[in-house]
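The structure under discussion appears below in the form of structure tokens.
What follows draws every value from the coordinates through simple rules; no lab data is involved. What you see is a predicted model; the values in this text were computed from it and never measured. All Cβ positions, glycine included, derive from the backbone under ideal geometry; neighbour counts span all protein chains shown.
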Amino acid sequence: MHELAMVRSIYEVINEKVTEYGVKRVKQVKLIVGELTGIEESIMKSCFEIYVQRTPAEGANLIIEYVPIRVMCRDCSHEFETSIPFSDCPHCGTKKFHILSGKELYIESMEVE
């Protein structure tokens, strides 16, 4: 369950901003998550809910926006969305790719009081 480790890292950023800006309460946290991270939304939300108990983020709504896997073919430079397992390039048929998106994991925004 790597979601717990990710929640821990996310909370460190939240706590840093809470301290820096004197935030009393975090109402919402929006994450951008690439599909390649393998994060399960329900597990992530459960881990977040437990991890932030008795902190300014307790009760905060965690919103997760997924970024699709986007690749560029190394042979023909065609860009396209794919999934796991990666499909062949629809243009030339190879499986040699450079990953353009899908590995992201960051806080896009926080709503605070």
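Rounded to the nearest 20 debye, what is the charge dipole size of segment 1-111 about its Cα centre when +1 sits on each Lys and Arg Cβ and -1 on each Asp and Glu Cβ?
Here segment 1-111 has a charge dipole of around 200 debye.
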Worksheet item: How about segment 18-73: which trypsin sites (Lys or Arg not before Pro) there lie in a loop by DSSP and see at most 13 other Cβ atoms within 10 Å?
Response: LYS24, ARG54
Worksheet item: When you take every Cα atom in the chain, what is the radius of gyration, and what is Dmax, the widest Cα pair distance, in Å?
Response: 17.5, 55
Discussion item. Tell me which cysteines of the chain come out unpaired when the rule is another cysteine's Cβ under 4.7 Å.
Written reply: CYS47
Worksheet item: In straight Cα distance, which lysines are under 30 Å from LYS24, not counting same-chain residues fewer than 8 positions off?
Response: LYS45
Practice prompt. Only helical DSSP H runs with n ≥ 4 go in: add -39500 (n - 2.57) per run for the chain, normalise by residue count and round the 222 nm mean residue ellipticity to 500 deg cm²/dmol.
Written response: -9000 deg cm²/dmol
